[in-house]
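Chemist: Handing you this structure, nothing more for now.
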Amino acid sequence: MNPAQHAVASAGDIDEDGWRRVHHELLGDLPRRTCWAPHLDAIQRRAFPAVRHRLLHPGADTPAAPLPYFVPKSNRSDRGAPQRRHCLLQPVEETAWLLLAATAIARCEPVLDRQRVLSSRPAAADQPGLFTRPEEWTRAFSARVDGTTARADAVARLDVVRCGERIGRDRLLRILEEVGLAAGWLAVARRLLGSCTETLGPAGLPITGFVTAGFVTIMLAPIDRWCAGAGAVSARMMDDTVIAAPDLATADRLAQGAGAVLAANGFDATPETVILQTTAAFREERRRERARMPDAAWSCDAARAQLLATPEDDPRFLPIADAALARLAADADASALSHVLGRFPHAPAAARTFAIHVARFMEDPAVGDGMAAMLVTAGPKLHPWQWSWGISTFRRAPRVRANVLRALFGLLADERVPEPVRIAAAAVGSRFATRNDWTELARLAGTTRSRHVRAAIAWGLVHRPAAERRPLLREWAPRDPLIALVAAALEPAGDNSA
């Protein structure tokens, strides 16, 4: 049973196949996480039974608030450079959000125009997970756009400004009530939505991978209905919409009408995010973009040349870097490594992509020395997200220099440092910590205010012998539910497995 197809009354009504689908969906979303959080990944991979138990027996505690962090949207390095707000969710809350989104899609499916909106499609019976893969949404959207524009001479393209950050939580709750979501799920929705106020303010949802994509799909359904009523042919994937028109004047009129619908639903559709084009220009742009994207058929030399030829301020720099480095990694080709290390400080938006590539070659001590030198030299200029991912590369290093380890402990101890950086410092620092260092780590685990930093330190116990690890887990776990889940991941057969 797929909860995204069959709207069960409560999580307690989900059968074993449904829970397998939930777990598969969570695991599939982990590689898309934009923050390096190994303690959370480990819990979902190794302690999902404990997560499920906590979700089914929530107790009186309120859900843990999302932890916001910011991801650069461009490779500008000035203070005013645009950023996206993403969030870390604790595993129980992440699972609850996913289930709420799936159940909401199941209830809304009859009123979603699936000829127009392609995101968050429920998985078929012979597919794993709750939804078809986002890569399939992209392919279906592209095919639908091709069909939509086949007989049109112009198009209007709409992108909603900060969609996830602007979703009105009260409006979302009213929609869920209107579609007849079961009372138990409405109670879950109220608890989860209420948990956002402390850290996210009056509006917005926690954006993390594609866990909350279903809510965006539902919230923008008025656009699809308006297009149908206006006789316009359209295609939508989450917050990206393409509308076909017989000419540019009509495309402009349709864009303005759709923008008014967005505004009425609490979103912005500014002129900067509405593009009007002839179909010929639109197709030529898509052809050029596809031609620039390296794939498995490209040689490593061609992929590397494309990466080197694309400047950081190119709007397509990040997807090209993703594709080019994936192609090189497939052949364990390190030929772009010096280029990546040299560009790292100047490409904030590519920090995750670059760090994942560097980490593949960290077994070479010279690569680790190069990354350490770059972090020391560029440190004051780096965005916290760059720091977090730069530190993460050392997860595969055979060693770190003493000065690097001291720097990690300094970051970890400083409450002013953004939490994603401290999480990375805890995860890497604990890997290389000596027994004496663990005295300091244990002290920090008891004094820091951040649950995520405490849990990251606890996950670092994976590197300690069981005789040292187990007493600390028995001491820490009863005081912190997140550490208790870490304990279940570290000791799945132990007392903390339920």
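The values are calculated or read from the model by the stated rules, or taken from the named source; none is laboratory data. This is a predicted model, so every value here is computed, not measured. Quick reminder, even Gly has a Cβ in these numbers, built from the backbone with ideal geometry, and neighbours come from all protein chains shown. Quick note on the areas: whole protein, heavy atoms, side chains included, nothing else; ligands and nucleic acids left out. Shrake-Rupley method; radii C 1.70, N 1.55, O 1.52, S 1.80 Å.
Chemist: What does the charge count near Lys73 come to, summing +1 for each Lys or Arg and -1 for each Asp or Glu among other residues with Cβ under 11 Å from its Cβ? Show your work: numbers first, answer last.
Modeler: Values: positive: Arg76, Arg84, Arg85, Arg162; negative: none.
Around Lys73, the charge tally is +4.
Chemist: Residue separation times 0.36 nm, minus the C-alpha to C-alpha distance between Leu248 and Leu308: what's the value? Spell out each step's value before the answer.
Modeler: Values: separation 60, 0.36 × 60 = 21.60 nm, distance 3.69 nm.
Extra length available between Leu248 and Leu308 comes to 17.9 nm.
Chemist: Sticking with this structure for a sec: For the stretch 351-368, in order, what is each residue's ³J(HN,Hα) by Karplus, 6.51 cos²θ - 1.76 cosθ + 1.60 with θ = phi - 60°, in whole Hz (x at glycine and Pro)?
Modeler: So the Karplus estimates, Gly and Pro as x, are 4, 5, 4, 5, 5, 4, 5, 4, 4, 5, 10, 6, 5, 7, x, 5, 5, x Hz.
Chemist: Using the heavy atoms of the protein chains alone and a 1.4 angstrom probe, what is the accessible area of the stretch 307-357 per residue in square angstrom? List each step's numbers first, then the result.
Modeler: Working: 1880 Å² over 51 residues.
Value returned for the stretch 307-357: 37 Å² of accessible area per residue.
Chemist: Within the stretch 294-321, list the residues whose amide N lies under 16 Å from a label point set 7 Å along Cα→Cβ of Ala81.
Modeler: 311-319, 321
Chemist: Of the options Leu328, Thr279, Ala263, report the single residue whose Cα projects farthest towards the positive end of the charge dipole of the stretch 260-416 (beta-carbon charges: Lys, Arg +1; Asp, Glu -1).
Modeler: Farthest along the dipole direction, towards plus: Leu328.
Chemist: Just the accessible area per residue of the stretch 363-498, please: how many Å² with a 1.4 Å probe?
Modeler: Working: 6170 Å² over 136 residues.
Normalised by residue count, the accessible surface of the stretch 363-498 is 45 Å².
Chemist: A further question on this structure: Could you please report the charge total around Arg399, scoring K, R as +1 and D, E as -1 over all other residues with beta-carbon less than 13 angstrom from its beta-carbon?
Modeler: Values: positive: Arg395, Arg396, Arg401, Arg431; negative: Glu363, Asp364, Asp369.
Taking every Cβ under 13 Å from that of Arg399, the sum is +1.
Chemist: Okay, moving on. About the Cα centre, and with charges only on the beta carbon of Lys, Arg (+1) and Asp, Glu (-1), how big is the dipole of the stretch 312-352? Nearest 20 debye, please. Present the calculation step by step, with values, prior to reporting the outcome.
Modeler: Values: 4 positive and 6 negative charges, 18 e Å.
About 80 debye.
Chemist: Want the number for Val376 to Thr278: 0.36 nm per residue separation, take away the alpha-carbon distance, what's left? Please list the in-between numbers first.
Modeler: On the way: separation 98, 0.36 × 98 = 35.28 nm, distance 4.92 nm.
My answer for the length gained is 30.4 nm.
Chemist: Can you work out the Karplus-derived ³J(HN,Hα) for every residue in the stretch 48-60? Use 6.51 cos²θ - 1.76 cosθ + 1.60 with θ = phi - 60°, whole Hz, and x for glycine or proline.
Modeler: Ordered by residue, 3J(HN,Hα) equals 4, x, 5, 4, 4, 4, 5, 5, 6, 10, x, x, 8 Hz.
Chemist: Quick check for you: with a 1.4 Å probe and neighbouring chains kept, what is the accessible area per residue of the stretch 2-52, in Å²?
Modeler: On the way: 1910 Å² over 51 residues.
For the stretch 2-52, the solvent-accessible area averages 38 Å² per residue.
Chemist: How high is the FRET efficiency from Asp170 to Arg20, r the C-beta distance, R0 30 Å, rounded to 0.05?
Modeler: Values: r = 34 Å, r/R0 = 1.14.
Using R0 = 30 Å, I get an efficiency of 0.30.
Chemist: What 222 nm value per residue comes from the helices of the chain, counting each DSSP H run with n ≥ 4 as -39,500 (n - 2.57) and dividing by all residues, nearest 500 deg cm²/dmol?
Modeler: After summing the helix terms and dividing by the residues of the chain, the value is -17000 deg cm²/dmol.
Chemist: Amide H of Asp240 versus every other amide H placed in the peptide plane: which residues, excluding those fewer than 5 positions away on the same chain, fall under 5 Å?
Modeler: When sequence neighbours closer than 5 places are left aside, there are no close amide H contacts.
Chemist: I've got another one for you. Reported to two decimal places, what Rg/Rh ratio describes the stretch 323-450 when computed on Cα atoms with Rh from the Kirkwood expression?
Modeler: On the way: Rg = 14.7 Å, Rh = 15.0 Å.
Radius of gyration relative to Kirkwood radius: 0.98.
Chemist: Can you compute 3J(HN,Hα) from phi for each residue in the stretch 316-323, using the Karplus curve 6.51 cos²θ - 1.76 cosθ + 1.60 with θ = phi - 60°, rounded to whole Hz and x for Gly and Pro?
Modeler: Calculated HN-Hα couplings, in order: 9, 4, 5, x, 5, 4, 4, 5 Hz.
Chemist: Counting Lys and Arg as +1 and Asp and Glu as -1, what is the net charge of the other residues whose Cβ lies under 11 Å from the Cβ of Ala330?
Modeler: Numbers: positive: Arg327, Arg360; negative: Asp295, Asp331, Asp333.
Surrounding charge for Ala330 is -1.
Chemist: Run the dipole for the chain about the Cα centre, Lys and Arg Cβ at +1, Asp and Glu Cβ at -1, nothing else charged, and hand back the magnitude in debye, nearest 20. Numbers along the way, then the final one.
Modeler: Values: 63 positive and 55 negative charges, 169 e Å.
Dipole size: approximately 820 debye.
Chemist: For the chain, what proportion of DSSP beta bridges, expressed in % and rounded to the nearest 5, is antiparallel? Provide the component values of the computation, followed by the final result.
Modeler: Details: 22 of 23 bridges.
So the antiparallel bridges amount to about 95 percent of the total.
Chemist: Pull out the extension gain between Ala124 and Asp240, defined as 0.36 nm times the separation in residues minus the alpha carbon to alpha carbon distance; nm, one decimal.
Modeler: Details: separation 116, 0.36 × 116 = 41.76 nm, distance 2.42 nm.
In short, 39.3 nm is gained.
Chemist: Moving to a separate point now. How many percent of the accessible area of the stretch 122-263 is carbon or sulfur, using a 1.4 Å probe?
Modeler: Details: 3100 of 5760 Å².
After summing per-atom areas, the C and S share lands at 54 percent.
Chemist: Scanning the chain for GluC sites (Glu not before Pro) in DSSP loops with at most 12 other Cβ atoms within 10 Å, what's the longest stretch left with none?
Modeler: Details: sites that count: Glu363, Glu415.
That gives 1-362 as the longest site-free run.
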